[in-house]
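Accompanying notes for the structure given below.
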Amino acid sequence: MNSPAAPLPPRRLDAAKFCDPLVTAQGAPRASVAFVGLRMLWINTGTLCNITCAHCYIDSSPRNDALAYMSAGEVTALLDEAAALQQPLQQVGFTGGEPFLNRDLPAMLREVLGRGLAALVLTNAMKPMLHHAEALLALAGSYGERLTLRVSLDHPDPARHDAERGSGNFAQVMDGLAWLVRHGVAVRVAGRAGLAGEGLAGEGEAALRQGFARLFAAHAIPLDAGDPQALVLFPEMDAAADVPEITTACWDILHQRPDDLMCATARMAVKRKGADRPGVVACTLLPYDARFELGATLAAAARPVALNHPHCARFCVLGGGSCAPPGA
């Protein structure tokens, strides 16, 4: 019997694609997304991380400080501006890097929660989080489920997860997740699924969710793996792999609305190394691409975004991905 053929490598992206913000490589009008109001503000707390993952889209590591630590005062200024602009802000998300490496994170969270907003922290739930245990539990005790931690757990199989994040990482993350559950902190989990429903190891989404369900049951994690809010499975991202460009005609073809994409209602503040103040970019996925740098203020960033990057097509439109919780 012949052994199964090895899967073909993905076709490389045509260099003519995603070059012009107005038209595609074939001359069709490129799709764009109008800004309809800021419902979710993302804060990149800095790109430093305690681990180095194999396919981190933002290249976080213990050495990458391309995005500097954001300060609590800078976050306060952004929240003040959103309020002055009467934006419909509901939630503030904190991402990195590892947000808990930023010593100002508890102060930032107090500022957000004290204004009646919800806060979401994306974390690997490892030692940096536990270094803030006292402050974190105090915030959770005061604000309940308005503070949510979304823990990165790429795959329910330890070996497959550790192939991405390093030997022994799975056990440490599970320890951190269990600690959060024991102390009543609201948690969610983020895993990974491919563009066509394939998981990190090639299985379908249903099988991947079943694997997470068994894992949660074995560790008494009270999450429903079938609930896409409790367990979000992000599409894979590969900026070098070929993907169709999104034209204005695609909205009707794909039965999608541009208002449903996260750049319609979200922006991310970043502070570049050496910069005097933060800037605002279109979304969490594109912190380095100058084409998506929208200005120094939220007011300047309230403008349409051309879907002129492979991530726009692969992750958001075709993959149906969003870093924000539903409704945010």
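Derivation of every value follows stated rules applied to the coordinates shown; laboratory data play no part. What you are looking at is a predicted structure, and each value in this text was computed from that prediction instead of being measured. Heads up, the Cβs are rebuilt from the backbone with ideal geometry, glycines too, and the neighbour counts pull from every protein chain shown.
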Exercise. Can you give me the Cα centroid spacing of the range 238-258 and the range 139-187 in angstrom?
Worked result: 33 Å
Exercise. How would you order 206-219, 38-51 from highest to lowest mean count of nearby Cβ atoms within 10 Å?
Worked result: 38-51, 206-219
Exercise. With each label point set 7 Å from Cα along the Cα-Cβ vector, what nm distance links A206 and A290?
Worked result: 4.9 nm
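In debye, nearest 20: dipole of the range 226-319 around its Cα centre with unit charges on the Cβ of K, R (+) and D, E (-)?
Numbers: 9 positive and 11 negative charges, 115 e Å.
Value, rounded to 20: 560 debye.
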For this session: Report the far tail of the P(r) of the range 99-172, meaning the percent of Cα-Cα pairs longer than 15 Å.
Result: 58 percent
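Using the per-residue mean of other Cβ atoms lying within 10 Å as a proxy for protection, in what order, highest first, do the peptides 279-289, 64-74 fall? Working shown, then result.
Details: 279-289: 21.8, 64-74: 18.0.
So the peptides 279-289, 64-74, ranked by packing, come out 279-289, 64-74.
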Exercise. What size of dipole, in debye to the nearest 20, comes out for the range 35-318 about its Cα centre when the only charges are +1 on Lys and Arg C-beta atoms and -1 on Asp and Glu C-beta atoms?
Worked result: 620 debye
Problem set entry | Listed residue (P128, A207, L38) projecting farthest to the positive dipole end of the range 35-318, Cβ model | P128
For this session: Stick to Cα atoms and the Kirkwood definition of Rh, then tell me Rg/Rh for the chain.
Result: 0.96
Problem set entry | Listed peptides 300-313, 226-239, 247-260 by packing density, highest first (mean Cβ within 10 Å) | 300-313, 226-239, 247-260
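Using only alpha carbon pairs under 8 Å that are at least six residues apart, calculate the relative contact order of the chain and give it in whole percent.
On the way: 632 pairs, mean separation 78.9, N = 328.
Relative CO of the chain lands at 24 percent.
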Seminar exercise, completed: Those cysteines in the chain that have no second cysteine Cβ within a distance under 4.7 Å are C19, C49, C250, C263, C283, C312, C316, C323
